[in-house]
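For reference, the structure is listed below as structure tokens.
The values are calculated or read from the model by the stated rules, or taken from the named source; none is laboratory data. Remember, it's a predicted structure, so these values are computed and weren't measured experimentally. With ideal geometry, Cβ positions are generated from the backbone for all residues, glycine too; neighbour counts draw on all protein chains shown. Calculation scope for accessible area: heavy atoms of the full protein, side chains included, ligands and nucleic acids excluded. Shrake-Rupley method; radii C 1.70, N 1.55, O 1.52, S 1.80 Å.
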Amino acid sequence: RVPGRRRREWRAAAVLCRRQRAAAPEPAPRPRPLLLLPPRPLLLVPLLLLLLLCVPLLLVVLLHCSSSHALLPRLLPRRLEAVVLDADGSFLDPQHKVSPANAEAVLAARRAGLQVFLATGRARSGPWVEECLVPLSLDCPGVFTQGLTSFDALNQRVHEDKLAASAVAAVQRACESAEKGNGVTLAAYVQERLLVACGDECDPWLMRYASYGDGDIELAGGEPAADVASSREARGAAPAEAFAIESTDLLGVLGEEAGSANKVLVLSDEESVPALRTALEAALEGEPARVVKALDWTLEVLPARTSKAEGLRRLLEHLQINPRRVMAVGDGENDIEMMRMVGLPVAMGNAMQPLKRHVAYVTASNAEDGVAKAIREHALPRAPANTPRRRDRLRKLLRLGGRGE
């Protein structure tokens with residue numbers, strides 16, 4: 001037994017401790033641990049091994065995503081509504097003609113319920129329209145002039161982008177100072193007309209560009225290119241003397257239409273193009289315009305924030321077609337933005353390497369009917385006639401279920 005005095009001391013000490021605890025502030029609540037599992041070494045080891053295995057897989061996926069538009073085949077659309085084709089280097093063969101295989105593939109796609117139209121840098125005018133587009137009804141709908149204008153199925157213009165007159169003047173000044181008017185020919189698209197700052201249809205750059213059959217060409221003085229030779233012979237004048245004009249005087253040719261140009265062409269030789277591009281970009285600083293290289297010997301000055309993809313986006317919105325349900329086929333760097341936008345991008349076998357990094361499939365070249373192969377292998381299996389909608393499949397299942405009952 002404890003003596004009474006010692007017991008009283010213990011009780012007094014216990015009462016004092018309880019009072020001190022009651023007077024002390026409550027401790028702050030401890031933060032919850034981020035991991036639900038207790039930090040025991042035996043439980044953390046499997047978790048660390050799992051993370052080490054996932055890191056390489058994540059790196060492989062990220063690298064594949066940066067080099068290819070389609071991350072996995074299951075991300076591609078199961079059903080398509082339209083097929084969009086580039087013209088030069090894709091739908092047209094190396095001779096700028098439509099091969100029989102490509103023509104038959106376009107007709108087969110339409111029979112399967114797909115809309116087929118072009119998205120090209122060419123204008124919807126010139127001999128190529130009657131030769132290549134009209135027989136297959138590809139003149140409308142479509143996106144033309146590098147996406148600066150488009151037409152719907154009723155042949156109505158959906159949109160149109162124009163260059164500022166100040167940008168046209170800046171281009172002319174840059175070409176005059178860079179080449180002193182020698183070796184450079186300027187031209188401008190005004191809707192479907194190609195106005196050339198040259199009075200001689202024998203101009204080498206004009207003849208080279210006219211071989212593509214693109215645009216209704218009008219020489220200086222408003223005379224069609226096809227009629228110039230006959231009119232000169234009737235007048236008995238030499239070509240250089242009859243239509244003498246500076247090949248860079250584009251403003252003089254446009255006149256009151258200086259603010260109506262959709263884009264400007266700068267035609268020269270391959271060696272002069274790099275210096276011309278540098279001079280044009282410096283002259284257009286601050287102007288709502290940009291310079292792109294269309295061909296090795298051709299520079300194009302376009303309105304800012306315009307592209308083939310932007311023109312296609314406007315047309316698809318007008319036609320109420322989801323871009324994810326579109327297959328696009330192209331070959332050039334100006335098709336990269338379009339490939340990023342659509343659900344099923346396909347590159348030609350002759351396409352530039354930067355474009356091939358943004359597509360799901362690569363087909364044959366334009367000399368080997370690559371467009372026809374792409375339509376047969378990738379578009380027709382996803383056509384509306386071959387892929388019924390989910391609601392249609394559900395109705396079929398309900399009908400079969402009702403018969404079974």
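Ranking LEU75, LEU16 from most to least accessible surface, computed with a 1.4 Å probe over the protein chains only, gives LEU16, LEU75. Can you pull the percent of region 322-376's accessible area that's carbon plus sulfur, 1.4 Å probe, other chains left in place? Of all accessible area on region 322-376, carbon and sulfur atoms account for 43 percent. Using a probe of 1.4 Å, the accessible surface attributed to SER211 totals some 80 Å² when neighbouring protein chains are kept in position. Over all other residues within a Cβ to Cβ distance under 10 Å of LEU80, the charged ones net out to +4, with Lys and Arg as +1 and Asp and Glu as -1.
Surface listing: VAL362, VAL371 arranged by accessible area from highest to lowest gives VAL362, VAL371, probe 1.4 Å. The spread of Cα positions in region 297-376, taken along each principal axis and listed from longest to shortest, comes to 36, 34, 19 Å.
Using 0.36 nm per residue of separation minus the Cα-Cα distance, give me the extension gain between GLU160 and GLN320 in nm, one decimal.
Extending this stretch completely gives an extra 55.7 nm.
Taking only the alpha carbons of region 248-402, we obtain Rg and Dmax values of 21.5, 77 Å in that order. Counting charges near ALA112 (Lys, Arg +1; Asp, Glu -1) among other residues having Cβ under 12 Å from its Cβ returns a value of +4.
Per-residue extension of 0.36 nm, minus the Cα-Cα distance of ARG111 and ALA23, leaves a gain of 22.8 nm for this segment.
What ranking of TRP128, TRP205 comes out by heavy-atom accessible area, probe 1.4 Å, highest first?
The ranking, largest first, comes out as TRP205, TRP128.
What is the percent of Cα-Cα separations in region 246-315 that go past 14 Å? Of all Cα-Cα pairs in region 246-315, 66 percent lie more than 14 Å apart.
Would you tally the net charge around SER90, using a Cβ to Cβ cut-off of less than 14 Å, leaving SER90 out, and scoring K and R as +1, D and E as -1?
Net charge in that neighbourhood comes out at -3.
For GLU192 and VAL45, the FRET efficiency from 1/(1 + (r/R0)^6), where r spans their Cβ atoms and R0 equals 51 Å, is about 0.10.
Calculated FRET efficiency, LEU136 to GLU285, Cβ-Cβ distance, R0 = 35 Å: about 0.25 to the nearest 0.05. Using the structure shown, list the pairs from LYS263/LYS308; LYS308/LYS356; LYS97/LYS308; LYS263/LYS373 with a Cα-Cα distance above 24 Å, or answer none. LYS263/LYS373, as the Cα separations exceed 24 Å there.
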